[in-house]
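What follows is one structure encoded as structure tokens, with my remarks underneath.
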Amino acid sequence: KLATEFPSDDIYLMTASPVIKAVTNFKQVSKTLEEFDVVEQPSSLLEKQYPNIKVIHCGVKQLKSDEHKIVTEDGKEYMYEKICLCAGAKPKLIFEGNPYVLGIRDTDSAQAFQKNLAQAERIVVVGNGGIALELVYEIQGCEVIWVIKDKDIGNTFFDAGAAEFLIPKLTAEKPETPIECKRTKYTVEGTVEKERPTAASDKLGSALGPDWHEGLDLKGTKEFSHKVHIERLCEVKKIHLQQEFIQLQQTSLTFPKGEKNAEPDEVLWPVYVELTNGKIYGCDFVVSATGVVPNVKPFLDGNNFAVGDDGGLQVDEHMLTSLPDVYAAGDICTAAWEPSPVWHQMRLWTQARQMGWYAAKCMAADTLGESIDMDFSFELFAHITKFFNYKVVILGKYNAQGLGSDHELMLRCTKGQEYVKVVMQNGRMVGAVLIGETDLEETFENLILNQMDLSAYGEELLNPDIDIEDYFD
């Protein structure tokens, strides 16, 4: 976007990664919903396409904002007129520096994970976001103990009802042929991979797209398909290596079967996980999928940034940080403007793309002294993805975020087929979760955006015999 706005200026892209993430097959599904594929390309492709872009393949050591200067790790210095920080986020590991704890967020860590899984009989997955959900669903032939601090699975995206709707999929045998996948493809370049060291948590990779598990053979050593046991409302208290565990003289548990309590385990495992509910399970390794923290560290030193509660660099409605000529976009930033009542920030691919594009527009407008309106994509929170092979669309305050008790929910659910939930406030729709092929996303998007009073329709709003799309066309 910057290269097209400023065709005769030099645009530098500084990246620690040898590949560039590119958005392809972009499709505007509705006013605010978009689908696209994310692919990795060599940086030369970008430079060929835009002659005024120069890719500098090096990590950033320091930002000297008062001198308008960036220092890279190889000691070189680059002056800038305006700069946008898009350094993303890094995985929040439950325990740093433990060789048996793997964080998953980028291609390198996904590869390290696959290597370990090939020999694994049991793993413990900690976390309840998108990556944990997809991981638990995709793993076959390996026992999975899934530790979540909430009562229900996937609570960043769903409520209890949606979780109940999805749970049967965890125990069902998976179809042999994966259903054709029509959304963000995620590929690692097919070049000959050098033997990479296991991804250390401080090494920054590029974030995973929603299809990161496609093409990774997530299969353990056992012959069964799914075996998942969920430990709810607890967290990891301690992780013991085998020797420490033996000295503790405690008992660990076997994989729970059915409703019976697990028996003491006779097997010796490489690592043991002690949970806050008192249970101890042995496993081959632990996957930490507990979210991310904004990657601000390289930029804070010597710069007086305003930082949000979540650790991100605060940006105003022009994506400008508290320092002159320094913008930020994507996972590294925290939206500090007064948001639309049905939009909130969430560290997702779709928002990163929108913020990056809008930040470039703002940098152009500010340079030319023009005024600019807030981009329409920040009017309504809208995200489309896929979990457990269902299409999932989430809109607005889909989990009644920030509404307190001042709202009501309406539900429609057909087991194994679709789950529709709308969040209503004062007779107006403010959020929705759609799982399955409901074809309601555009209608609901319009109803949330135009805030029409729907109280007259009551429960009929979700009556499957009424063709609601025609009604509100």
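Can you find even one residue in region 398-406 that is farther than 24 Å from LEU348 by Cα and in contact (Cβ under 8 Å) with a residue 60 or more places away in the chain?
Looking only at region 398-406, we keep the residues that are farther than 24 Å from LEU348 by Cα, and these are 404-406.
From what's left, in contact (Cβ under 8 Å) with a residue 60 or more places away in the chain: none.
Among the residues of region 398-406, not one is farther than 24 Å from LEU348 by Cα and in contact (Cβ under 8 Å) with a residue 60 or more places away in the chain, which makes the answer no.
Using beta carbons and a limit of 7 Å, which pairs, at least six apart or on different chains, have the first residue in region 111-125 and aliphatic (A, V, I, L, M) and the second one modelled with pLDDT under 80?
The qualifying pairs are ALA112/THR198; ALA112/ALA199; LEU117/LEU218; LEU117/GLY220; ALA120/GLY220; ALA120/THR221.
Just for region 451-473: of the residues that are at pLDDT 80 or above and not in a loop (DSSP other than H, G, I, E, B), which one is most open to solvent (accessible area, probe 1.4 Å)?
Ranking the qualifying residues of region 451-473, first place goes to GLU459.
Out of everything in region 86-100 that is assigned to a strand (DSSP E or B) and either open to solvent by 10 Å² or more (accessible area, probe 1.4 Å) or among the hydroxyl-bearing types (Ser, Thr, Tyr) (or both), what residue ends up being nearest to ALA162 (Cα to Cα)? Give the derivation first.
To start, the set of residues in region 86-100 that are assigned to a strand (DSSP E or B) comprises 89-91.
From what is left, the residues that are either open to solvent by 10 Å² or more (accessible area, probe 1.4 Å) or among the hydroxyl-bearing types (Ser, Thr, Tyr) (or both) are 90-91.
Details: LYS90: 28, PRO91: 26 Å.
My answer is PRO91.
Would region 273-281 turn up any residue that is in a loop (DSSP other than H, G, I, E, B), in contact with a helix residue (DSSP H, G or I) (Cβ under 8 Å, 6 or more places away or on another chain), surrounded by fewer than 17 Cβ atoms within 10 Å (Cβ to Cβ) and assigned by the TED database to the domain that holds ALA120?
Of the residues in region 273-281, the ones in a loop (DSSP other than H, G, I, E, B) are 276-279.
From what's left, in contact with a helix residue (DSSP H, G or I) (Cβ under 8 Å, 6 or more places away or on another chain): none.
Checked against the condition, which is being in a loop (DSSP other than H, G, I, E, B), in contact with a helix residue (DSSP H, G or I) (Cβ under 8 Å, 6 or more places away or on another chain), surrounded by fewer than 17 Cβ atoms within 10 Å (Cβ to Cβ) and assigned by the TED database to the domain that holds ALA120, region 273-281 yields no hits at all.
Can you pull out every residue in region 394-427 that is among the acidic types (Asp, Glu) and surrounded by fewer than 16 Cβ atoms within 10 Å (Cβ to Cβ)? Even if it seems obvious, please write down each step before you answer.
First, the residues of region 394-427 that are among the acidic types (Asp, Glu): 406, 408, 418.
Matches in region 394-427: ASP406, GLU408.
Rundown of residues vs (1) of a type outside the set (Val, Ile, Thr); (2) at pLDDT 95 or above; (3) within 22 Å of LEU117 (Cβ to Cβ), yes/no style:
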position	(1), (2), (3)
LEU248	yes, no, no
SER252	yes, no, yes
ASN261	yes, no, no
TYR272	yes, yes, yes
VAL287	no, no, yes
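May I ask you to list the residues in region 431-450 that are free of Cβ contacts under 8 Å to residues at least 40 places away in the same chain, surrounded by fewer than 17 Cβ atoms within 10 Å (Cβ to Cβ) and either part of a loop (DSSP other than H, G, I, E, B) or among the β-branched types (Val, Ile, Thr) (or both)?
Within region 431-450, just ASP439 meets the criteria.
Just the residues that are on the phi < 0 side of the Ramachandran plot and surrounded by 16 or more Cβ atoms within 10 Å (Cβ to Cβ), please, taken from region 323-338. Reasoning before the result, please.
Keep residues of region 323-338 that are on the phi < 0 side of the Ramachandran plot, which gives 323-324, 326-329, 331-338.
Matches in region 323-338: LEU323, VAL326, TYR327, ALA328, ALA329, ASP331, ILE332, CYS333, THR334, ALA335, ALA336.
Conditions first: (1) crowded, with 19+ Cβ neighbours inside 10 Å; (2) touching a helix residue (DSSP H, G or I) at 6+ places or on another chain (Cβ under 8 Å). ASN303 passes all but one, so which condition is the exception?
It is condition (1) that ASN303 fails.
Please state which of the following conditions ILE104 fails to meet, knowing it meets all the rest: (1) more than 14 Å from VAL293 (Cα to Cα); (2) crowded, with 19+ Cβ neighbours inside 10 Å; (3) modelled with pLDDT under 85.
In the conditions (1) more than 14 Å from VAL293 (Cα to Cα); (2) crowded, with 19+ Cβ neighbours inside 10 Å; (3) modelled with pLDDT under 85, ILE104 misses (1) alone.
So ASP74 fits all but one of (1) in a loop (DSSP other than H, G, I, E, B); (2) without any contact (Cβ under 8 Å) to a residue 40 or more places away in the chain; (3) over 28 Å from LEU300 (Cβ atoms); what number is the exception?
Exception for ASP74: condition (3).
Residues of region 27-62 being among the small types (Gly, Ala, Ser), closer than 29 Å to VAL296 by Cα and open to solvent by less than 20 Å² (accessible area, probe 1.4 Å), which ones?
If we filter region 27-62 for residues that are among the small types (Gly, Ala, Ser), which is where we start, we get 30, 43-44, 59.
Applying the additional criterion that residues be closer than 29 Å to VAL296 by Cα yields 43-44, 59.
Of everything in region 27-62, just one residue is among the small types (Gly, Ala, Ser), closer than 29 Å to VAL296 by Cα and open to solvent by less than 20 Å² (accessible area, probe 1.4 Å), namely GLY59.
The values are calculated or read from the model by the stated rules, or taken from the named source; none is laboratory data. No experiment lies behind these values; they were computed from the predicted model shown. Neighbour counts are summed over all protein chains in view; Cβ atoms, including those assigned to glycine, are modelled from backbone coordinates with ideal geometry. Heavy atoms of the whole protein, side chains included, go into the accessibility calculation; ligands, DNA and RNA do not. Shrake-Rupley method; radii C 1.70, N 1.55, O 1.52, S 1.80 Å.
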